[in-house]
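The values are calculated or read from the model by the stated rules, or taken from the named source; none is laboratory data. What you are looking at is a predicted structure, and each value in this text was computed from that prediction instead of being measured. Note that each Cβ is placed from the backbone with ideal geometry, even for glycine, and that neighbours are counted across all protein chains shown. Just the protein is used for accessible areas: all its heavy atoms, side chains included, with ligands, DNA and RNA removed. Shrake-Rupley method; radii C 1.70, N 1.55, O 1.52, S 1.80 Å.
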Amino acid sequence: MPINKPAKTDYKIIDLISNRWSPRAFAEKDVPKDILRPLFEAARWAASCNNSQPWRYIIAQKENTDQFSKALSCFNENNQKWAKNAPVLGFVCAYQLMAGDRKSRTNFYDTGMAMAQFTLQALEHDLYIHQAGGILIEEVRKEYSIPDDVDIVCGFGLGYQGEADILPEVLAERELQERIRNPIEDFVFTETYNNKFK
Ligand SMILES: Cc1cc2nc3c(=O)[nH]c(=O)nc-3n(C[C@H](O)[C@H](O)[C@H](O)COP(=O)(O)O)c2cc1C
């Protein structure tokens, strides 16, 4: 049974945003390339500084065993516990340079924009994404021959939801925990930093 954990919002927001969450339990069901493509299409249309489009994705599908093991070995030990269940693993990277070889100040930000769109588009196909900052950056760089002018931002697992009981106990419990957030007044200011916008 899929676990639904819609955000308990103070104001009405669009369903895609409230329904997105980050499961660790993925079903043993492959995700065909044709279903992945609209997710990349959504990422493609993200806004970016000077339309620099710095996002770069590396993808490994479970049916390609060698590629999958290589990707999994680039996640840290804790994240491997759930990432091994995902039918697709990936890494999102950010190219550092803009037109004229100027260094971008916003390549991580732009890449996050693309990833947010990717994540929301996934829900349209009943796919969920769990991102992982806990990856072995130098391993990723070496295994995929990533050049020095590309930052490695984040790993992720992607797939259809599975049953929480496939996870180790601590993670299975977390799977069912309520999603929580800081209140709006903690992060929206006016006049001066920390002066709450009420
Ligand atoms: C950049 C980034 C890095 C993350 N790194 C990890 C990670 O290494 N391991 C993990 O289990 N979850 C990781 N997460 C998932 C977050 O813990 C999760 O998004 C957060 O707790 C909010 O939960 P929700 O996405 O279900 O709303 C990461 C999420 C993001 C966006």
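The value of relative contact order for region 84-198, using C-alpha pairs under 8 Å at least six residues apart, is 29 percent.
Springs join every pair of Cα atoms under 10 Å in this Gaussian network model of the chain, and among Cys49, Cys93, Cys74 the largest mean-square fluctuation is at Cys49. Pairs spanning more than 23 Å between alpha-carbon atoms, out of Lys33/Lys70; Lys8/Lys198; Lys8/Lys33; Lys29/Lys84; Lys70/Lys103: Lys8/Lys33; Lys70/Lys103.
Per residue, region 15-186 exposes 54 Å² of solvent-accessible protein surface, assessed with a 1.4 angstrom probe and all protein chains in place. Take 138-150, 180-192 and order them by the average number of nearby Cβ atoms within 10 Å per residue, most first; the result is 138-150, 180-192. Considering only alpha-carbon pairs that sit under 8 angstrom and 6 or more positions apart, the relative contact order computed for the chain is 29 percent. Taken over region 49-151, the percentage of Cα pairs per 10 Å bin, counting from 0 up to the bin with the maximum distance, is 14, 42, 34, 9, 0.
Report in % the part of the accessible area of the chain that belongs to carbon and sulfur, leaving out ligands and nucleic acids; probe 1.4 Å.
Using a 1.4 Å probe with all protein chains present, the chain comes out at 50 percent carbon and sulfur.
Note on the chain: Cα-Cα pairs beyond 27 Å make up 36% of the total pair count.
Taken over the Cα atoms of region 35-93, the convex hull encloses 96 Å³ per residue.
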